[in-house]
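The block underneath contains the structure these notes are about, expressed in structure tokens.
Rule-based calculations on the coordinates, nothing more; no lab input. In this text, all values refer to a predicted model and were calculated from it rather than measured experimentally. With ideal geometry, Cβ positions are generated from the backbone for all residues, glycine too; neighbour counts draw on all protein chains shown.
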Amino acid sequence: MRSLIGFPAVVNEKAARAVAGQVVVVTALALATGWLWLAAVLAVGFALRVAAGPRFDPFGQLATKVIAPRLGEPVLVAGPPKRFAQAVGLAFTAAATLALVLGAPTVAVVLLAVLLVFAALESVVGFCAGCFVFGYLMRWGVVPEETCAACNDISLRRREPLPTA
């Protein structure tokens, strides 16, 4: 029986970008309407994705089962950098939620604005800032190489379709 917790070793880049697009929409909605409590909703989604990939997350399910299949063949990329990026999103949304609880809505707005910029970069142009930082952390030895063998060896990437969660 497959474990319910754990991030996939490889992910569909198109699905990751679709998730980022959903994050952009909800974050923009929060900023435009003042519904900053949506930061907590985003934090839950990020936490679900960090823990189990798209398996239990509504954004992940919509991206992997509805949006990405309509965008053509999957583009497979290493999972660990994407998980790190999700953890960074979790840190930003959790910090924004904490700022709201502590009565600092301006801090929450700034954190959500930064999240919006980086999620838009991922969604629109395919630049994953978290993945970029992950690469440097590997080069500097902060992240052990065995954490992401596929990051260093593109031949390890699978070409068959991804299993559905």
By Cβ neighbour count within 10 Å, fewest first, Arg17, Arg83, Arg139 rank Arg139, Arg17, Arg83
Lys, Arg +1 and Asp, Glu -1 on Cβ, resulting dipole of the chain about Cα centre, debye, nearest 20: 300 debye
If you count, for each residue, the other Cβ atoms within 10 Å and average over each peptide, how do 54-60, 100-106 line up from highest to lowest? 54-60, 100-106
Residues with beta-carbon under 13 Å from that of Ala15, excluding Ala15: net charge, scoring Lys, Arg +1 and Asp, Glu -1? +3
With label points built 7 Å along Cα→Cβ from the Cα atoms of Trp37 and Leu102, find their separation and express it in nm. 2.2 nm
Can you tell which of Val10, Leu71, Ala129 lies farthest toward the positive end of the dipole of the chain, using +1 and -1 charges on the Cβ of basic and acidic side chains (Lys, Arg; Asp, Glu)? Leu71
Calculated from the structure, Cα extents along the principal axes in Å equals which of (1) 49, 38, 34; (2) 56, 36, 24; (3) 70, 28, 27? (1)
Can you give the calculated 222 nm mean residue ellipticity of the chain, where each DSSP H run of n ≥ 4 adds -39,500 (n - 2.57) and the sum is split over every residue, rounded to the nearest 500 deg cm²/dmol? -18500 deg cm²/dmol
